[in-house]
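What follows is a set of notes on a single structure, which appears directly below.
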Amino acid sequence: MTDFLEAVNLAAHQLTIFLVIPALAGLFIYLMEVWISGRLMTAFGEKAIWLTALTGTPVHEFAHAAACVLFRCRIKEIKWLTFDPDSHVLGYVTYQHQPMNPFHWIGRLVIGFAPLLVGFTIIGILFYLLPASATTDKWWMVPVEKTLSLVSGLVVWTWWQWLLAWVLLGIVVHMAPSLQDLKGIWAGLILIIVLLVLINWAGKVWSFSLPSVRPVIPIMIQITGFGILISAGYALVITLLTAPIIRIRTGHW
């Protein structure tokens, strides 16, 4: 019984690092997306959503589509970029899956979270390309320093760097899965939890173990924290820029 409880504890740690932390960061980024989109559309009309959707939505849908191919779920239809004024849907991927196939259960989990995985991969690349202070001795401060490094370089950027920043901001703003994306994840999530517990339990019984997640913790928190700071910073800029226009148009801030 002790081995089983230890296996459950290990599985909980693994899920926290690789799923819960990115999911919570994704939730924050999703809320920022809703806020940014709302401010832009209130200030400039519904077509203002294209400011970020033009680059972010195709990447979001590509991530879904790539995961469909990886898990052999047949794609029925892809809309890379569209706009439904009623639902505010900007794009979608519809696909077929086999409800009784465990491989497809996990596939639907990955398909749902694929834009988040791609988004954090891009953020991670940017994170490691940016310089940080050589005197930093607190790993949790590195995302803040790299964000400041990014902002301080704005004044000397060339046009292509601004263009790249616009593309990256669109990807970050639209990287979070929608509620519709997450509808099919539960069977796969339960299966992953069960498999992790069983593998860790077997490791206790037969004296083997999965690689420790401890070295990954700072990296995961740094990258997700960097994504949160970029998203929050962009939301702040949009809020300040749109405030006078919204005040004039609606009488409210």
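Every number here is computed from the coordinates shown, using simple stated rules; none is lab data. Predicted model, so just to flag it, every value in this text is computed and none were measured. Glycine gets a Cβ as well: all are built from the backbone with ideal geometry, and neighbour counts include every protein chain shown.
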Can you bin segment 149-201 into rounded, prolate or oblate? Criterion: square roots of the alpha carbon gyration tensor eigenvalues sorted a ≥ b ≥ c, rounded for a/c under 1.5, prolate for a/b above b/c, oblate for the rest. prolate
Within straight-line cross-link reach of K47, lysines at Cα separation under 22 Å, skipping those fewer than 8 residues along the same chain: K79
Amide H contacts under 5 Å for Y95, restricted to residues at least 5 apart in sequence or on another chain and with H modeled in the peptide plane, are K76
Suppose every K and R has +1 on its Cβ and every D and E has -1 on its Cβ; what is the size of the dipole of the chain about the Cα centre, in Debye to the nearest 20? 180 debye
Among M175, Q98, T82, which residue has its Cα positioned farthest towards the positive end of the charge dipole of the chain, with +1 placed on the Cβ of Lys and Arg, -1 on the Cβ of Asp and Glu, and the dipole taken about the Cα centre? T82
Under unit Cβ charges (Lys, Arg +1; Asp, Glu -1), what dipole magnitude, rounded to 20 debye, does segment 52-102 have relative to its Cα centre? 280 debye
For a protection proxy built on the mean count of beta-carbon atoms within 10 angstrom, sort 101-111, 119-129, 233-243 highest first, please. 101-111, 119-129, 233-243
Determine ³J(HN,Hα), in whole Hz, for all residues of segment 19-31 in sequence, where each value follows from phi through the Karplus function 6.51 cos²θ - 1.76 cosθ + 1.60 and θ = phi - 60°; x replaces Gly and Pro. 10, 5, 4, x, 5, 5, 5, x, 4, 4, 5, 4, 5
Proximal lysines relative to K146, as straight alpha-carbon distance under 21 Å, when same-chain residues fewer than 8 apart are discounted: K138
Can you tally the net charge around K204? Count Lys and Arg as +1, Asp and Glu as -1, for every other residue whose Cβ sits under 12 Å from the Cβ of K204. -2
Rounded to the nearest 500 deg cm²/dmol, what is the calculated helix-only ellipticity per residue at 222 nm for the chain, with -39500 (n - 2.57) per DSSP H run of length n ≥ 4? -23000 deg cm²/dmol
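To the nearest 20 debye, what is the magnitude of the charge dipole of segment 1-130 about its Cα centre, counting +1 on the Cβ of each Lys and Arg and -1 on the Cβ of each Asp and Glu?
The dipole magnitude comes to about 300 debye.
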Grab the Cα-Cα distance for L129 and L240, subtract it from 0.36 nm times how many residues apart they are, and report the gain in nm with one decimal. 37.1 nm
